[in-house]
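Heads up, the thing below is written out as C-alpha cells.
Since every read-out is calculated from the coordinates, none of them should be taken as a lab result. These figures come from a predicted structure and were not determined experimentally. With ideal geometry, Cβ positions are generated from the backbone for all residues, glycine too; neighbour counts draw on all protein chains shown.
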Amino acid sequence: MYSIAIAFILRNGYDSTVEEWGIFDYNDFCGLNLGEYESLDVVSRIAKGIAAHSEAFAKWVEYVGERSEEALSRFEDHYLGTFEGTEAYVENLLEECDSYSFEEFVSEWLKPYVKINVELLVRTTEIELWVVESREGGVLVLDTRV
C-alpha cells in the first residue's frame, strides 16, 4: 500500500528523475532510531504503537526489534507499568498480591523479626525483568519472560 504511494510521489514529484526515498528523522519516536530505508508498514505499525502507549512501546521495540511483528502485537502482555523506581514497582506488586497479609498470622513477639526483604526483591526484579529509565522520569517495567 505505502510502496504505491511512494512510487506515485517519486513519479509525480518535483524531480521526476528521483528513484528512491529515505527517512532521515524519527522525531517523536521517543528516541527510537530505525533505518533510513525502513519499510513504511513497519514504521506505521511502530508509530501507531507509540501513539497508543508512548515511550514504553518504543523501548519494547528497541528490545524485541522492529521486525518482530508477533512480539510487537503482544506488547500489552509484557508492559507492567511506569513507576517512580523499581522499589515503587515492588511495593505496588506486594500490595496488589496482598503479600503483607501474613503478618496477621505471626505472633506479636515474632513480628519484629519477620519481614519481606524488599531490597533483595528489588535486585531480583532488576535481574528478571527489563527495567529501563524513562526519559520523562521514573522507570518503565517490562516482563521479557512472558
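Taking the range 87-146, which GluC sites (Glu not before Pro) meet the DSSP loop condition and have no more than 14 other C-beta atoms within 10 Å?
Filter output for the range 87-146: 108, 136.
Let me spell out the model: positive unit charges on the Cβ of Lys and Arg, negative unit charges on the Cβ of Asp and Glu, origin at the Cα centre of the range 77-146. What dipole size does that give, in debye rounded to 20?
Here the size comes out at about 220 debye.
Once the dipole of the chain is set up with Lys and Arg at +1 and Asp and Glu at -1 on Cβ about the Cα centre, which of 65, 131, 82 lies farthest towards its positive end?
Positive-most Cα among the choices belongs to 65.
For the range 40-146, which chymotrypsin sites (Phe, Trp or Tyr not before Pro) pass both filters: DSSP loop (anything but H, G, I, E, B) and at most 14 other C-beta atoms within 10 Å?
Sites meeting the loop and neighbour criteria: 109.
How far is helix 55-64 tilted, in degrees, relative to the longest principal axis of the Cα atoms in the chain, given as a value from 0 to 90 rounded to the nearest 10?
80
Can you list the HN-Hα couplings for the range 36-50, worked out from phi with the Karplus curve (6.51, -1.76, 1.60; θ = phi - 60°), rounded to whole Hz and with x for Gly and Pro?
So the J values, rounded to whole Hz, are 6, 10, 4, 4, 5, 5, 5, 4, 5, 4, 5, 4, 5, x, 5.
Give the angle, between 0 and 90 degrees and rounded to the nearest 10, that separates the Cα long axis of helix 2-12 from the longest principal axis of the Cα atoms of the chain.
The angle comes out near 30 degrees.
Quick one: Debye curve from the C-alpha atoms of the range 50-136, no solvent, what's log10 I(q)/I(0) at q = 0.18, 0.23 Å⁻¹?
Relative scattering, expressed as log10 I(q)/I(0), comes to -0.87, -1.18.
Over the Cα atoms of the chain, compute the convex hull volume and normalise it per residue, giving Å³.
In the chain, the Cα convex hull volume per residue is 117 Å³.
For the chain, with the dipole built from +1 on Lys and Arg beta-carbon atoms and -1 on Asp and Glu ones, taken about the Cα centre, which of 23, 94, 141 lies farthest toward the positive end?
With unit charges placed on the Cβ atoms, the residue in question is 23.
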